[in-house]
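The structure under discussion appears below in the form of structure tokens.
The values are calculated or read from the model by the stated rules, or taken from the named source; none is laboratory data. Quantities reported herein were computed from a predicted structural model and do not represent experimental measurements. Ideal geometry is used to build each Cβ from the backbone, glycine not excepted, and the neighbour counts take in all protein chains shown. When the accessible area is computed, the model is the full protein with side chains, heavy atoms only, and any ligands, DNA or RNA have been set aside. Shrake-Rupley method; radii C 1.70, N 1.55, O 1.52, S 1.80 Å.
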Amino acid sequence: YSAFVKTTSDSMNYFENLKRSKIQLAVMNELAHTDSLTGIKNKTAYAEVTTRLDKEIAAGVAEFCIIMIDVNFLKKVNDTYGHERGNEYLINACMLACSVFGEGNVYRVGGDEFVVILDGENLAHCEEMVSRLRGMIDKFRADETLEAWEKVSAAVGVAHYRAGVDKTAEEVFKRADSEMYKNKLAMKAVRKD
């Protein structure tokens, strides 16, 4: 009887430890895919999504667009007001992008760079969403009541996947990045330092 009780107790401890390990693994996985400053998905999560998109491209079922958002004047905010305000500036930019595109679609892939991937039902609303984002950026830039780190400014570029032309999600990203840079030039927001 005591051997049976010991085996049962050991088994219960084993399953409890296994359960804890799975929870810890899930937490670690979440941390590995989350940007520590903004709380949104990070470059690792973005890489996993592009891997899925590449498989969809290969299977001939891909439909998506990539929106590149590059925050303007971060260095100026950091240099003038300090990195704490620079962090606020990035968080404000992130919140703006998430309010337009939805948090689940926005990834922070670099210091001042965010990428949005739209597919499914959201794809049909891409142009409307980008227009809304640009309008909000213009409104922030013109609002004299805001502090510099509250006046989110960002260049935006959009590229839609083209079946038969694009072989990878990276090709779509590069076009979005090129469009973003054109927008940055038009905004006269290219760094000169």
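A few remarks follow.
- Fully extending the segment from residue 2 to residue 32, taken as 0.36 nm per residue of separation minus the present Cα-Cα distance, adds 6.4 nm.
- For the residue pairs 139/184; 75/184; 151/188; 139/174; 55/182, the alpha carbons lie more than 19 Å apart in 139/174; 55/182.
- Once the Cα-Cα distance is subtracted from the 0.36 nm per residue extended length, the residue 75 to residue 113 segment shows a gain of 12.4 nm.
- Distance (nanometres) between label positions extended 7 Å along Cα→Cβ at residue 9 and residue 88: 5.8 nm
- Most mobile of 96, 118, 37 in a GNM of the chain (Cα contacts under 10 Å): 37
- Highest-fluctuation residue, 102, 39, 120 considered, GNM on the chain with Cα pairs under 10 Å: 120
- Computed [θ] at 222 nm, helices only, for the chain once each DSSP H run of length n ≥ 4 contributes -39500 (n - 2.57): -19500 deg cm²/dmol
- Sulfur and carbon atoms: percent of accessible area, the chain [1.4 Å]: 55 percent
- Three-way shape call for the stretch 89-139 based on the alpha-carbon gyration tensor, with the a/c threshold at 1.5: oblate
- Cα gyration tensor category, rounded, prolate or oblate, for the stretch 134-193 with a/c compared to 1.5: prolate
- The stretch 29-106 shape via C-alpha gyration tensor axes, a/c threshold 1.5: prolate
- Once the 1.4 Å probe is applied to the protein heavy atoms, the chain comes out at 60 Å² accessible per residue.
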